[in-house]
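One structure below.
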Amino acid sequence: MQIIPLPAFRDNYIWLLRDASRAVVVDPGDAAPVLRYLAAEGLTLEAILITHHHADHVGGVAELLAHASVPVYGPAREDIPGMTDPVSEGCTVSVLGTAFRVLDIPGHTAGHVGYYGADTLFCGDTLFAAGCGRIFEGTPAQLFASLEKLAALPGDTQVYCTHEYTLSNLAFAAAVEPDNTAVRERLAHSQVQRDEGRPTVPFRLAGEMDSNPFLRSREPAVIRQSESRTGRALERPVDVFATLREWKNSF
């Protein structure tokens, strides 16, 4: 199974899983790049996986279904156009011979899910390279718990998020931890990738533990910076996380 990035809009990635003749797409906000790739490669669409209901993740579903009648897997707690198979934690989705375990990871939206299997994670807008999603429908505690759940996956997990936000996220990470060597090195490497027109996604989960401030709420340097923003002691990691998320909103 290959995983192909299909750029969409300004900074989205639609992920296309394929073998020699079949394909599955994750979060097709736009049908056009999917249909072009399928036609160019002679592939048959087999299924659609959705992580959450935002338009840039579901906007192409109806047009894809007009070309192929396929199952649409999506979060049971959200209204997904064309959804045939609502899923939630405990469910397994098998596509192209690979079983993906469904994870409930709310916070960005109320019913956001992820798909994990074969050392691969499709996490929508919950976890980004060196960042995390905004909190639109959930609470800081929910998103913090979702990130903790993802951080507990094996370090070799390849993470496929759906936006190219890495450089801006690392700029924020450098503001949080100016002395973090891992952040500086990752920023330099990511800049080279972007200068060469290459995506910075996927990325290894293990690297997030060193350079993603939203997964480092227990680190003394991160706590100190967060407390300097609030002017008070922050005794719980979730409070540090909430401070970071609010800071990032206006960064």
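Bear in mind these aren't lab numbers, they're just calculated from the coordinates by the rules spelled out. Note that the coordinates shown come from a computational prediction; the quantities given were computed from them, not determined experimentally. A quick note on method: Cβ atoms are made from the backbone with ideal geometry, for glycine too, and the neighbour counts reach across all protein chains shown.
Between residue 175 and residue 96, the simple spin-label model (points 7 angstrom out along Cα→Cβ) gives 3.7 nm. Backbone geometry of the range 179-192 corresponds, through the Karplus equation with coefficients 6.51, -1.76 and 1.60 at θ = phi - 60°, to 3J(HN,Hα) couplings of 9, 7, 5, 4, 5, 4, 5, 5, 4, 5, 5, 5, 5, 4 Hz, x marking Gly and Pro. For the chain, a Gaussian network of Cα nodes joined below 10 Å ranks 97, 114, 155 by mean-square fluctuation, and the top entry is 97. Relative to one another, the C-alpha centroids of the range 157-177 and the range 201-251 are positioned 13 Å apart. Overall shape of the range 2-249 was characterised from the C-alpha gyration tensor. The equivalent ellipsoid obtained from it has semi-axes of 32, 20, 15 Å, in decreasing order. Computing FRET efficiency as 1/(1 + (r/R0)^6) for residue 233 and residue 206, where r is the C-beta to C-beta distance and R0 is 35 Å, gives about 0.70. Considering every Cα-Cα pair within the range 19-84, what fraction, in whole percent, is farther apart than 21 Å? Of all Cα-Cα distances in the range 19-84, 16 percent exceed 21 Å. If the segment from residue 221 to residue 89 were pulled out straight at 0.36 nm per residue, it would be longer than the present Cα-Cα gap by 44.1 nm. Per-residue extension of 0.36 nm, minus the Cα-Cα distance of residue 152 and residue 251, leaves a gain of 32.9 nm for this segment. Using the Cβ-Cβ distance between residue 137 and residue 40 with R0 set to 30 Å, the FRET efficiency from 1/(1 + (r/R0)^6) comes to roughly 0.20. Annotation: extensible slack from residue 195 through residue 4 equals 66.8 nm (criterion: 0.36 nm per residue apart, minus Cα-Cα distance). Modelled label positions at residue 119 and residue 69, each set 7 Å beyond Cα in the direction of Cβ, lie 4.0 nm from each other.
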